[in-house]
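Here's the structure we're looking at; comments come further down.
The values are calculated or read from the model by the stated rules, or taken from the named source; none is laboratory data. What you see is a predicted model; the values in this text were computed from it and never measured. Here Cβ is always computed from backbone atoms with ideal geometry, including for glycine, and neighbour counts include all displayed protein chains. Ligands, DNA and RNA are stripped out before the accessible areas are found, and what is left, the full protein with its side chains, is counted by its heavy atoms. Shrake-Rupley method; radii C 1.70, N 1.55, O 1.52, S 1.80 Å.
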Amino acid sequence: MNKLSGLLFSCILLLAAVPAAVAAALTFTTLAGVATTPVKSADGTGSAAQFYSPRGVATDGVGNVYVADSSNNTIRKITPAGEVTTLAGLAGVQGRNDGSGTAARFLDPYSLVADSTGNVYVADTSNNMIRKITPAGVVTTLAGNGAQGSADGTGTAASFREPRGIAVDGAGNLYVADYMNQTVRKITPAGVVTTLAGTAGVAGSSDGTGAAASFKGLYGVAADSAGNVFVADTANRCIRKITPAGVVTTFVGTAGTSGMTDGTGTAARFSEPRGISADSAGNLYVADYGAHTIRKITAAGVVTTLAGTAPTPGSTDATGAAARFFSPSSAAADSSGNVYVADTSNNTIRKITSSGVVTTLAGLAGRSSSVDGSGAAARFEDPYSVAVDSSGNLYVADATDHSIRKITPAGVTTTLAGKAGSYGSTDGSGSTARFKGPQGIAVDSAGTLYVADTGNSAIRKITAAGVVSTLAGSAGSNGSSDATGTAARFSEPNGIAVDPSGNVYVADTANNTIRKITAAGVVTTLAGTAGTNGLTNGTGSAARFSVPFDLTADSAGNVYVCDHGNHVIRKITPAGVVTTLAGSGVEGQSDGSGAAASFRWPSGIAVDSSGTVYLADTDNHVIRQITSAGVVTTVGGTARLNGSTDGVGSAARFFNPKDVTVDSSGNLYVADRSNHTIRKGSNGASGSTNAGADCLFNWAESKYPTALFPAAASQTVSPYYFRYYAGPQAYLGVSSSDGHVYYYAAGKLSDIGALSGWSATAGCP
């Protein structure tokens, strides 16, 4: 039997013999939006320039400002006159290539620093490397090899795990906040990497010397003129100090206690300190991301708020407390006493003078790429999560657009609630309502929507008519209190689900807990303990999670959780008993059963009526399926290969898919975040069809004798586009190798001929 015959015959046997429970590859098409990155990068002067989630900012000795333009994967340069150019990288294109200017590639660069000779060093976070850029824009890799690890060594022999902060001292040594390793690393000018403090993989808040110290979620690092290193210990909500001898102490703040209070030493409180820098006088400047403020710390440990008012976001230029920021990620001081801020969610670079006057140096806040329309005419800013109602309408939480979008079954997109690019917390109807970075959405049987309004730390409710109210929590007030309605508190909730009884479940991400809200608005903690993370199975508060990101509920009241930080999928019974359904806590990309399977930062989850779970395995760029027994298979995309291709199973491509939902017919919908599209996955085994495949069959039926094609008693569209004809026990398929149509019946394979112009997704030629 030739290769094609074998392929066809194998598929025939598979269709005839394999139980329906076995995963079938899905056929993916693009329902709404177009897979082109919205224009988010523009060189120019002042407000004519444009950035996309800038996270890092640094200054050099002659007044230039450098920006890690994270979501554009580029490094930008701003002159003192506000002229913005792209120093290295190409907007919207990721990679890890060394090269000059636009030939170089980066992947989510988080921070950067300039040395005394004008070289710029970049923490190329998702590439797990430290890069060097000369003043002429030539990019080389100083340390790291692209693979995650914690090895000390020289150059590419060393390894990092999501390095997020970087600083340089007067001798040219670099210091790196190695985020996922929970360590602070040191790199000499010769590229020799050592671990200065902390132990790889050990999270904590212990003071001590070298490996005896522990950190939790390091973001920023700074070095002063005396050789001391200061670290923004983000998840511990404090600033740590490391002496040249490696002795670690807590400089300001109290580990594990969040707040926004000014004060001295441990009396001060931070919400989410990220970027940190030092000036020549020994003062520190901290971007308090969660408080939307810029804080100043004197050498004596006195903390004050330099600009902004906690916890109110905005984009206002003004002086001191009258100014507003929106999730600032980095702050860098120059030699003249000015502080520059990467104002991430405003997509701007701000300047604060020594007297506290805030202006916008470059970029323009409030830009939006959101467009209502049909199919590919629609545009999404940041499609983060999706939900589908019983009528087949799809709802999208368009996160950084701060709006809730609706897509009809015909693919017509409208804005149901909120206003594109305008954030707030106002209840109201339609465009009068305001959200702040909504990242979770669910719909009940009556068509009522529930939204995890992440930036407001509140749970919102939207009627079918678009009337928005606050169900639980209070905008701007973070916490973990169980209570009724607005008296309850959440901390950056991401995922949300509703069960058939009207109970709402919330992945309370920053609290590492799963919350439950009854129809009457009574909030309780179903599983986990606020402020404590881990990977522990157990009942209720005895269980532990790490950054639970999304969840879904089945018809029996079980809740399934994307335990994002642990790279596992958890199951919670109605009694609150938590078990691990799949994954082992080690990131990877393997299909398999239970702990033999592995995921990489899974973010979105859904369950169908049969109890089958679907998963957006975000950093693997794939869609996974999990049976009730914990058997994991990949039904869309190929691990670690991103793209926007429509197609079947592994031939499809996604780019950081963030969420999934499934309708009553078994169709799957994907919020394909970095493609800015909504994708649809159809499973032929459940009776769905494909326009291109139907065209193939119609064409073949017109070419072959009618007697061979009676009305089919059953129809299946497989990964190879086969139709089963019950009458003659025949199969029809198309070969991807030569584009010919083949007919198989009575043990004989016949080449019908080429169908010019046909494709699996384009429809009839």
Length-normalised contact order of the chain in % [C-alpha pairs under 8 Å, at least 6 apart]: 8
Net charge near F251: determine it from the other residues with C-beta under 14 Å of the C-beta of F251, scoring Lys and Arg +1 and Asp and Glu -1. +3
May I ask you to give the average projected area over all directions of the convex hull of the Cα atoms of the stretch 37-145, in nm² rounded to one decimal? 5.9
Relative contact order of the stretch 145-209, please, whole-number percent, based on alpha carbon pairs below 8 angstrom and at least 6 residues apart. 24
HN-Hα J in Hz across the stretch 552-562 - Karplus 6.51, -1.76, 1.60, θ = phi - 60°, x for Gly and Pro: 8, 10, 8, 5, 8, x, 6, 10, 10, 10, 7
Kindly report the accessible area of the chain per residue (heavy atoms of protein chains, probe 1.4 Å, no ligands, DNA or RNA), in Å². 34
In whole Å, what is the distance between the alpha-carbon centres of the stretch 119-155 and the stretch 49-63? 18
Name the residue from G604, I276, V248 whose Cα lies farthest towards the positive end of the charge dipole of the chain, charges +1 on Cβ of Lys and Arg and -1 on Cβ of Asp and Glu. V248
May I ask which residue of T257, N656, I294 lies farthest towards the positive end of the charge dipole of the chain, with charges of +1 (Lys, Arg) and -1 (Asp, Glu) on Cβ and the Cα centre as origin? T257
Net charge (Lys, Arg +1; Asp, Glu -1) of residues whose beta-carbon lies under 15 Å from that of D591, D591 excluded, is +1
Where nothing but the Cβ of Lys and Arg (+1) and of Asp and Glu (-1) is charged, how large is the charge dipole of the chain around its Cα centre, in debye to the nearest 20? 160
Charges only on Cβ, +1 for Lys and Arg, -1 for Asp and Glu: so what's the dipole of the stretch 467-552 about the Cα centre, in debye to the nearest 20? 120
Net charge near A475: determine it from the other residues with C-beta under 12 Å of the C-beta of A475, scoring Lys and Arg +1 and Asp and Glu -1. +2
At a temperature of 10 °C and a viscosity of 1.306 mPa s, determine how fast the stretch 609-665 diffuses translationally according to Stokes-Einstein, using the Kirkwood radius over alpha-carbon pairs as Rh; express D in µm²/s, rounded to the nearest whole number. 138
So, with +1 on the Cβ of K and R and -1 on the Cβ of D and E, and no other charges, what is the size of the charge dipole of the stretch 102-258 about its Cα centre, to the nearest 20 debye? 140
Translational diffusion coefficient (Stokes-Einstein; Kirkwood radius from C-alpha pairs) of the stretch 494-539 at 20 °C, 1.002 mPa s, in µm²/s: 193
Which value, in nm² and rounded to one decimal, describes the direction-averaged projected area of the C-alpha convex hull of the stretch 349-471? 8.4
Could you give the radius of gyration (one decimal) and Dmax (whole number) of the Cα atoms in the stretch 83-162, in Å? 12.1, 40
Convert each backbone phi in the stretch 60-71 into a coupling constant with the Karplus relation 6.51 cos²θ - 1.76 cosθ + 1.60 (shift: θ = phi - 60°), then list the ³J(HN,Hα) values in order as whole Hz, x for Gly and Pro. 10, x, 10, x, 7, 10, 10, 10, 7, 8, 4, 6
Using the Kirkwood radius built from alpha carbon pairs, what does the Stokes-Einstein equation give as D for the stretch 310-398 at 4 °C and 1.567 mPa s, in µm² per second? 84
In whole angstrom, note down how far apart the Cα centers of the stretch 627-655 and the stretch 499-567 are. 26
P(r) of the stretch 547-624 over all Cα-Cα pairs, binned every 10 Å from zero, in whole percent: 22, 57, 21, 1
Kindly provide the helix-only [θ] at 222 nm of the chain, computed as the sum of -39,500 (n - 2.57) over DSSP H runs of four or more divided by all residues, to the nearest 500 deg cm²/dmol? -1000 deg cm²/dmol
If you scale each eigenvalue of the Cα gyration tensor by 5 and take the root, what three semi-axes come out for the stretch 438-506, rounded to whole angstrom and sorted largest first? 19, 12, 11
If unit charges are put on Cβ atoms (+1 for Lys and Arg, -1 for Asp and Glu) and the dipole of the chain is taken about its Cα centre, the option from P109, A399, A331 lying farthest towards the positive end turns out to be A331
Compute the Rg to Rh ratio over the chain from the alpha carbon atoms, using the Kirkwood formula for Rh, and round to two decimal places. 1.00
Looking only at lysines whose Cα falls under 30 Å of K216's and that sit 8 or more positions away or on another chain, we get K132, K186, K241, K296, K351, K436, K516, K571, K658
Working note, the stretch 384-434: Cα radius of gyration (Å, one decimal) and Dmax (Å, whole number) are 11.0, 31
What list of ³J(HN,Hα) couplings, whole Hz, do you get for the stretch 599-612 from phi and the Karplus terms 6.51, -1.76, 1.60, once you set θ to phi - 60° and write x for glycine and proline? 10, 10, 6, x, 10, x, 8, 8, 10, 9, 5, 8, x, 7
